[in-house]
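Report on one structure; see the data block that follows.
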């Protein structure tokens, strides 16, 4: 048997590669209406998620009217500038089906996977972004991208399985370097030069793949299964290198962004979180516009949001349980303050996508962003009526500006609708009482 040392496995040959020259970005790259690429391909449609913690105060969050032109209650007044771009979904439920309630965990897991977790921190299935990425994310540099405004790498709402959590970017400088550092290929550059580092990595990987195949012939059944899984991961990596070594298509919406000068100050003061969210949003939006990814996730806060308010001694999560209901207002005043800050950041996120021109519309027009919280009324950990939003028109496939009442139906209907819009061909989604095969027809064009 050969000596399969690490040095042996990581040996490969560096082959030559052709250098092509492209024209600068011209109108002829689009069709005559600016609605599609000149080749006839439709503009790519992207899928995103956005998450905030600790739900809402129903009496001042849920509109009294449904359909279009609904009045925004005071807790979501910040959404007025983007109201025409979003849909609000209320009175949809999540069902535990006999499983214990894992506070701040059960709700978002059901809404992102369709499955109720059975134990604390159990992550069943895979999150919706991962499912969608398998359908639309295989031709971009990053199959998915995740970021958080909390500064904490643990605040992720995305995973492939219980042992494979998609860690979010939490540092703006690191995020910039990952997106627009040395490995970035500008799709609108007049000249394309394959990245030598990507060439070397692919060469090394080719050697690894060849040796893995040979080793697999000699392995037992259990080891062979492990090698097959390893081989699949290497093939996915090889596809990513192929993308980096291929001239990207010109994209009018893509333009250079400035690197952050400094890291935002550490801490969970609401002002600092909002600042971090703005920086991470701007980087994420341009990553999408430059087609580095078509599936993206942003967390404004973790599932037990610890955002703090200057001059107030309790963080958001503690306040939800300890602050008494204001006798005149009828709700927890400080808790509502935190929710309003989250809605301001949600508005910024949607607005940032809407400001990028793409074809005869905007980047947001070609996106579907699915936003949700972990709980409905945090004081009692209620799962009934967890608020959800969508933003964008999914390439013209859905209407916006609507408030939809779910009539106590399963909240998984929205996730199922999103997957169908993204081309995921599934007859149903979810398990037990959360199973659905019914789209939310009110928003479909």
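Highlighted here are the helices (runs of 4 or more DSSP H) found entirely within the stretch 151-258 that include at least 1 residues which are modelled with pLDDT of 75 or more and either closer than 30 Å to residue 374 by Cα or over 22 Å from the mean Cα position of the chain (by Cα) (or both): 172-180. Consider the stretch 124-138 and keep the residues that are assigned to a loop (DSSP other than H, G, I, E, B) and either surrounded by 20 or more Cβ atoms within 10 Å (Cβ to Cβ) or under 17 Å from the mean Cα position of the chain (by Cα) (or both). The one that is modelled with the lowest pLDDT is 138. Of everything in the stretch 420-445 that is surrounded by 20 or more Cβ atoms within 10 Å (Cβ to Cβ) and touching a helix residue (DSSP H, G or I) at 6+ places or on another chain (Cβ under 7 Å), the residue that is nearest to residue 353 (Cα to Cα) is 422.
Residues of the stretch 305-355 that are buried (at least 19 other Cβ atoms within 10 Å of the Cβ), part of a loop (DSSP other than H, G, I, E, B) and either within 29 Å of the chain's Cα centre (by Cα) or at pLDDT below 95 (or both): 305, 307. Which of the residues belonging to the stretch 93-119 are farther than 18 Å from residue 54 by Cβ and part of a loop (DSSP other than H, G, I, E, B)? Listed by number, the residues that qualify are 95, 96, 97, 98, 99, 100, 114, 115, 116, 117, 118, 119. Going by the conditions given, is residue 36 at pLDDT 95 or above and at negative phi? In short, no. Looking at the stretch 88-96, can you tell me whether even one residue there is out of contact with any helix residue (DSSP H, G or I) (no Cβ under 7 Å at 6 or more places or on another chain) and over 24 Å from residue 364 (Cβ atoms)? Yes, the conditions are met somewhere in the stretch 88-96. In the set 80, 64, only one residue is assigned to a loop (DSSP other than H, G, I, E, B), modelled with pLDDT of 95 or more, on the phi < 0 side of the Ramachandran plot and surrounded by fewer than 20 Cβ atoms within 10 Å (Cβ to Cβ); that residue is 64. In the stretch 85-97, is there at least one residue being within 18 Å of the chain's Cα centre (by Cα), crowded, with 21+ Cβ neighbours inside 10 Å and farther than 17 Å from residue 390 by Cβ? No; the residues of the stretch 85-97 include none that is within 18 Å of the chain's Cα centre (by Cα), crowded, with 21+ Cβ neighbours inside 10 Å and farther than 17 Å from residue 390 by Cβ.
The residue that is farthest from the chain's Cα centre (by Cα), counting only those in the stretch 289-304 that are closer than 24 Å to residue 108 by Cα and either at pLDDT below 95 or in a helix (DSSP H, G or I) (or both), is 304.
The values are calculated or read from the model by the stated rules, or taken from the named source; none is laboratory data. Keep in mind it's a predicted model, so treat the numbers as computed, not measured. Don't worry about glycine lacking a Cβ; one is built from the backbone with ideal geometry, like all the others, and counts go over all protein chains shown.
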